[in-house]
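The values are calculated or read from the model by the stated rules, or taken from the named source; none is laboratory data. Worth saying up front: this structure is predicted, and the values here are computed from it rather than measured. Backbone-built Cβ (ideal geometry, glycine too); neighbour counts: all protein chains shown.
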Amino acid sequence: MSQDAYRLKSPSGKETELPVLSGTAGPDVLDISKLYAQQGVFTYDPGFAATGSCSSNITFIDGEEGLLMYRGYPVEQLAKSSSFLEVSYLLLHGELPTVDELADFESTIRRHTMLNEGMLSFFKGFRYDAHPMAMLSAVVGSMSAYYHDKLDASNPQHRDIFAHRILAKLPTIAAAAYKLNCGQPFIYPRNDLNYCENLLQMFFAVPAEPYEIDQVAAEAIDLLFILHADHEQNCSTSTVRMAGSSGANPYSAVAAGISALWGPAHGGANEAVLAMLEEIGDVSQIGKYVDKAKDKNDPFRLMGFGHRVYKNFDPRATIIRKMAHKILGRLGRVDTPLYDLALALEEVALKDEYFIEKRLYPNVDFYSGIIYRALGIPTSMFTVMFAIGRSVGWTAHWREMIGDSETRISRPRQLYTGPAKRDYVPIDKR
Ligand code: SDX
C-alpha cells in the first residue's frame with residue numbers, strides 16, 4: 001500500500017498527516033487511525049457510506065462501472081462457466097479448485113448436509129406459520145450448541161469444518177422450515193444428488209411418490225446462488241464481521257448476519273418486491289406507484305431499486321433479468337404477468353427524471369423473486385434463498401477477519417447530542 005498522505009490542519013493550526021493506502025482496485029483510503037489521538041476529533045459517517053471498515057481480498061465492486069468480481073473473476077464469467085460450489089471454493093480459498101480439489105470439496109459438502117436429530121426437534125416448537133427467516137436464524141444460532149467441540153477459531157481444521165457445516169446444512173435447515181410451513185414431513189438430504197438437486201428434493205419431494213428433479217430449476221438456483229454469494233462489506237457481512245470481532249463463535253456470527261439480511265432494505269427486499277408487484281397489480285397502476293416512490297412525504301419506495309454502491313446497473317440484476325426470460329420459457333410459463341409487470345415498471349422508472357437523477361437502477365432483488373416464484377418457492381422463502389447463497393460470503397469474510405492481523409473488536413464512536421451532565425432529581429422534587 002503506497003504511503004502518500006493528506007495533510008489535515010485544524011482551525012487552531014495543528015497539522016496531522018493522514019496516510020493514503022492504495023489497494024488493487026477502487027478508491028484509495030485515508031488511514032484515520034491516529035486522527036483522534038492527534039486532533040481529538042472523530043470522523044462522522046452514518047451508515048458508513050464513505051468508510052472502509054477493513055481491507056479484503058475477497059470481492060470487489062465498481063459501482064460506477066457496474067462491475068462485481070469474486071477473487072478477481074468477473075461475476076458474468078463465473079455465472080456463465082462455474083457452479084455455486086466451485087465459486088464457494090474460490091471465495092473460501094482464494095483460487096479456483098483443480099478437478100480433484102473440487103471433487104473433494106463437493107464430496108465433503110455432501111457428507112455434512114444432515115442435521116443433528118435434536119436440531120430437527122426445534123421445528124416441532126415453532127408455530128406452523130413462523131417466518132422461515134426467524135427459524136433459520138434461530139436454528140443456525142443453535143449450531144454452536146451442537147458443535148461446541150470444534151469452535152477454536154485459531155485452529156484451521158475448525159475453521160474449515162465450520163465452513164463446510166454452514167454451507168452444507170443451510171439448505172437442509174431451510175427445507176425443514178419450508179416443510180413446517182406447508183405441513184409436510186421433513187425430507188432428508190440425499191448424497192447421490194448435487195447441491196441444488198438436493199435442495200429441490202428436500203423442498204418438494206413427498207413420501208407418497210417419487211420426486212423427479214427438474215434440471216432447469218436446479219441450474220437456475222445454482223446460478224442465483226453464484227450471484228448472491230458475496231458482495232463486499234454489505235450490511236449482513238459487516239454484521240458477521242462485527243459479531244466475530246468480539247470472538248463470538250462463527251455460528252452465532254452467521255446467525256446475526258441472517259438477522260441483518262432479513263431487513264427489507266437489504267435481503268428482505270426480494271420478498272418485498274413481489275409484494276409490491278402484487279400491490280401494483282397492473283401496468284395501468286405503474287405511474288401511480290412511481291409517483292408514490294418519488295413523493296418525499298410517502299414512505300413507499302420502489303423495492304428492488306437503488307443501491308448504496310451501484311450507481312449503474314447491478315450486474316446481477318442484468319443477468320437475472322435475462323435468465324428469468326429463459327427460465328420462464330423453459331418452465332413452459334407462458335403466463336408471466338409479474339415478470340411482464342416488472343419489465344414495464346423498470347422501463348417506466350428508468351426513463352423517469354427522479355430515478356435518473358438519483359441514479360436508481362434495479363438491483364439483485366428486483367427479478368430474483370420472479371424466478372423463485374416460477375420454481376414454486378413461496379415468497380416467504382425468498383430471503384432464505386438469499387441467505388443460502390450468501391452463507392459462503394459470510395463464512396469467507398469471517399475467516400478473513402479472523403486471520404487479519406489488523407482485526408480488533410469493532411467498536412465505533414459517536415457524536416453525542418444528548419443532555420449535558422446534570423444531577424439526579426428526587427421524585428418528590430420533579
Ligand atoms: C441488497 O449493500 C449491498 O451490497 C446489498 C446487496 C448485497 O448483495 O448484499 O446488494 C443486497 O440489499 C440490495 C438492496 C435491496 N434493497 C432494496 O431494494 C430496498 C429499496 N432500496 C432502497 O431502500 C435504497 O436504495 C437502498 C437501501 C438500497 C440504498 O440506500 P442508501 O444507499 O442509503 O440510499 P438512500 O436511501 O440515501 O437513497 C438516496 C436517495 C434518497 O433520496 P434523497 O433523500 O437523496 O432525496 O434515493 C432515494 C432516497 O429517497 N431512493 C429511493 C429508492 N432508493 C433510494 N427512492 C425511491 N425508491 C427507491 N427504491
Kindly evaluate A253 against the criterion of being assigned to a helix (DSSP H, G or I) and within 13 Å of the ligand (Cβ to nearest atom).
no
Among the candidates A248, A265, A243, which residue alone is out of contact with any strand residue (DSSP E or B) (no Cβ under 6 Å at 6 or more places or on another chain), free of Cβ contacts under 8 Å to residues at least 60 places away in the same chain, over 23 Å from V87 (Cβ atoms) and buried (at least 19 other Cβ atoms within 10 Å of the Cβ)?
A243
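Residue-wise test of (1) out of contact with any Gly (no Cβ under 9 Å at 6 or more places or on another chain); (2) part of a loop (DSSP other than H, G, I, E, B); (3) under 19 Å from F225 (Cβ atoms).
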| residue | (1), (2), (3) |
| --- | --- |
| Q38 | yes, no, no |
| N57 | no, yes, no |
| F60 | no, no, no |
| M69 | yes, no, yes |
| A79 | yes, no, yes |
| Y89 | yes, no, yes |
Just the residues that are among the acidic types (D, E), assigned to a helix (DSSP H, G or I) and over 15 Å from the mean Cα position of the chain (by Cα), please, taken from segment 256-286.
E278, E279
Output the number of residues of segment 192-208 satisfying the condition of being hydrophobic (A, V, I, L, M, F, W, C) and surrounded by fewer than 20 Cβ atoms within 10 Å (Cβ to Cβ).
3
Could you give me the residue pairs with C-beta distances under 8 Å whose first residue belongs to segment 342-363 and is more than 20 Å from I319 (Cβ to Cβ) and within 12 Å of the ligand (Cβ to nearest atom), whose second residue is part of a helix (DSSP H, G or I) and not aliphatic (A, V, I, L, M) wherever it lies, and which are 6+ apart or on separate chains?
D352/K294; Y354/K294
Taking the options P189, P185, P171, name whichever one is under 25 Å from L68 (Cβ atoms) and touching a helix residue (DSSP H, G or I) at 6+ places or on another chain (Cβ under 7 Å).
P171
Every listed condition ((1) assigned to a helix (DSSP H, G or I); (2) away from the ligand (no atom under 16 Å from the Cβ); (3) not β-branched (V, I, T)) holds for L224 save (2)
Per the filter on segment 275-307, residues closer than 28 Å to D62 by Cα, near the ligand (Cβ under 7 Å from one of its atoms) and either surrounded by fewer than 16 Cβ atoms within 10 Å (Cβ to Cβ) or of a type in the set (A, V, I, L, M, F, W, C) (or both) are A293, L302, M303, F305
Restricting attention to segment 275-289, which residues are touching a residue at least 60 places away in the same chain (Cβ under 8 Å) and either among the acidic types (D, E) or touching a Leu at 6+ places or on another chain (Cβ under 7 Å) (or both)?
L277, E278, I280, V283, I286
Quickly run through segment 53-75 and pick out the residues that are modelled with pLDDT of 95 or more and small (G, A, S).
S53, S55, S56, G72
If a residue must be touching a residue at least 12 places away in the same chain (Cβ under 8 Å) and part of a loop (DSSP other than H, G, I, E, B), how many such residues does segment 183-215 contain?
14
Tell me yes or no: at least one residue of segment 311-318 is farther than 30 Å from M69 by Cα, at pLDDT below 95 and either away from the ligand (no atom under 12 Å from the Cβ) or touching a Lys or Arg at 6+ places or on another chain (Cβ under 6 Å) (or both).
no
Residue list for segment 319-337, filter: buried (at least 17 other Cβ atoms within 10 Å of the Cβ) and in contact (Cβ under 8 Å) with a residue 60 or more places away in the chain:
I319, I320, M323, I327, L331
